[in-house]
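The values are calculated or read from the model by the stated rules, or taken from the named source; none is laboratory data. Owing to the predicted nature of the structure, the values given are computational and were not obtained by experimental measurement. Counting neighbours? That spans all protein chains shown, and the Cβs are built from the backbone with ideal geometry, glycine included. Surface accessibility is based on the protein's heavy atoms, side chains included, excluding ligands, DNA and RNA. Shrake-Rupley method; radii C 1.70, N 1.55, O 1.52, S 1.80 Å.
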Amino acid sequence: MNGVSWIRSFLICATVVGLCVSTEAGEFFIRDGERVAFLGDSITEQGKPGETDRGGLYTVYIESYVLTRFPTWKLDFRNFGIGGDSAALIQRQSEPIDWATLRSGDDTLRKPKIEAYVAHGLNRDVLPWQPTLVTIQFGMNDFGYQNFNDASYRRFMLAENALVKTLRDRNCRVALFTPQPIEHTPDKPNPNEEGSNTALRKFADGLKEVATQQKVLFVDHFDPYMTLVRQARAATPPEYFGGGRDAVHPGAPGHAVMAWVILKELGAGSEVSAAEIDAAENRVVATSKCRIKELVKQADGTIRFERIDDALPMPIDARAEPALKRATILADLNRYLLKVTGLEAARYEVLIDGEMAATVDSGELQQGWNMATAKGPITAQSQQVMQLVLKKNAIVFRRWQELLTQTDPRLTELESQLRHARLPRAHQFTLKPVAHVNK
């Protein structure tokens with residue numbers, strides 16, 4: 001699918017699911033100088049090298065967005081997800097778990113035990129890294145893959161409150177993320193999908209109460225995700241949205257939806273940059289977050305100019321393409337616009353540094369063409385950023401889970417490459433009328 005047809009798809013579904021996102025316009029939640037820790041279970045856990053169907057992709061997409069959108073910021077990200085973990089950080093304990101107390105239903109007994117488990121887990125894994133912001137996503141293992149259970153729910157609430165309090169006592173800002181819904185497919189059935197999702201929705205509602213009481217950010221991606229699942233199943237033939245290895249773990253499309261909703265709720269902006277050119281008068285009309293130089297219109301109608309942007313477009317994972325068909329990811333997070341009016345030909349080949357980017361109708365260019373998914377060196381550079389993030393996180397995954405503390409030269413080198421790779425560069429654009437190509 002080329003950039004033009006993707007944009008049309010987004011314009012068609014521009015109202016889909018977007019109403020579920022309630023972020024008010026304002027400052028982006030992540031700041032310059034931030035040290036961001038992602039805490040969670042296997043849905044957060046970064047896969048080992050080669051395990052492309054593992055979790056953690058939503059954190060990769062979030063990190064890639066922030067790095068490309070704010071290329072001069074000093075930023076550090078670490079993924080602290082562990083498969084099978086719960087809000088009480090059970091998988092991070094060195095002593096045997098007192099399951100009798102945890103399952104007793106007596107909150108006066110469970111509360112100090114849970115608080116001790118949370119303190120140990122955070123002090124073992126997260127706090128030594130000295131994060132300034134911690135995102136938390138638990139709930140899938142907490143609800144127990146069953147119909148709603150009040151004892152499990154209360155245990156979850158105690159643990160989430162303990163997580164927030166402990167982190168805030170250490171001057172960490174906190175964002176709480178809901179779990180996503182379970183989604184079965186014909187080859188990965190879940191006989192109790194409805195009961196499980198009813199329980200997960202109640203756990204998500206409880207998480208909102210914790211966020212309100214503790215005055216921290218709350219992000220609900222359960223409902224937007226479920227809306228897309230229902231729409232996909234209503235299609236003819238039915239589509240299955242998640243694409244993960246089972247009903248619980250989303251594939252890349254599901255992680256893209258999670259990242260989309262989370263970034264919106266964090267206050268992420270839609271604009272990468274924008275430029276408007278009047279071809280008839282051979283002049284730059286307006287620019288936003290970019291600069292246009294050396295604009296020339298040739299006798300055959302070819303238009304040439306240099307453009308340098310303040311940021312790169314957010315990289316789009318090719319594996320997430322099913323999400324792009326239904327969620328307004330480009331429109332909401334990745335508007336990288338070129339508008340050219342006064343055109344004479346019906347279609348133009350757009351080349352960037354001599355490489356073919358796309359063939360675009362003049363009407364699309366006159367309305368404003370979103371180049372975020374166009375081929376060429378700019379998209380390749382943003383993709384390089386995402387690939388470096390994946391490589392960096394694979395090293396981090398092994399080192400922190402093995403509790404290795406010494407400096408790793410590979411990690412230092414990859415972070416240096418990331419700092420360089422996300423800096424925008426000047427590019428030469430050529431818009432060539434299709435009628436004059438090869439003449």
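Between Ile395 and Arg124, what is the FRET efficiency for a Förster distance of 22 Å, r being their Cβ-Cβ separation, to the nearest 0.05? Calculated transfer efficiency: 0.70.
Helix-only estimate, please: 222 nm mean residue ellipticity of the chain, summing -39500 (n - 2.57) across DSSP H runs of length 4 or more and dividing by its residues, to the nearest 500.
On the way: 13 runs with 164 residues, N = 439.
Calculated from helices alone, the mean residue ellipticity at 222 nm is -12000 deg cm²/dmol.
A simple spin-label model places pseudo-atoms 7 Å from Cα toward Cβ; at Asn149 and Trp73 they are separated by 4.0 nm.
Using Cα-Cα distances under 8 Å and only pairs 6 or more residues apart, what relative contact order does the chain have, in percent? Show your work: numbers first, answer last.
Values: 861 pairs, mean separation 86.4, N = 439.
Rounded, it is 20 percent for the chain.
Under a Gaussian network description of the chain, with springs only between Cα atoms under 10 Å, the residue in Leu39, Leu351, Leu89 that fluctuates furthest is Leu351.
Comparing Pro253, Pro128, Pro71, which has the greatest mean-square fluctuation in the GNM of the chain with Cα pairs linked when under 10 Å apart? Of the options given, Pro128 has the highest mean-square fluctuation. As a fraction of the 1.4 Å probe accessible area of segment 325-439, surface on carbon and sulfur atoms comes out at 49 percent. Between Ala435 and Arg233, the simple label model (points 7 Å from Cα in the Cβ direction) yields a spacing of 5.3 nm. Across the alpha-carbon atoms of the chain, the computed radius of gyration and Dmax are 23.6, 83 angstrom.
Please compare each pair in Lys165/Lys392; Lys111/Lys165; Lys188/Lys208; Lys113/Lys165; Lys111/Lys215 to a cut-off of 23 Å on the Cα-Cα distance and tell me which ones are over it. Mind showing how you got there, number by number?
Numbers: Lys165/Lys392 30 Å; Lys111/Lys165 13 Å; Lys188/Lys208 30 Å; Lys113/Lys165 15 Å; Lys111/Lys215 21 Å.
As for pairs spanning more than 23 Å Cα to Cα, those are Lys165/Lys392; Lys188/Lys208.
Rolling a 1.4 angstrom probe over the protein heavy atoms with all chains in place gives segment 337-430 an accessible area of 45 Å² per residue.
As a calculated quantity, the FRET efficiency between Arg168 and Trp99 at R0 = 25 Å, using C-beta atoms, amounts to about 0.30.
Could you sort the peptides 76-82, 233-239 by per-residue average Cβ neighbour count (10 Å cutoff), highest mean leading? Please list the in-between numbers first.
Details: 76-82: 23.3, 233-239: 10.1.
Going from most to least packed, we get 76-82, 233-239.
Please identify the trypsin sites (Lys or Arg not before Pro) of segment 271-331 that satisfy two criteria: DSSP loop assignment and at most 14 other Cβ atoms within 10 Å. Which are they?
Sites meeting the loop and neighbour criteria: none at all.
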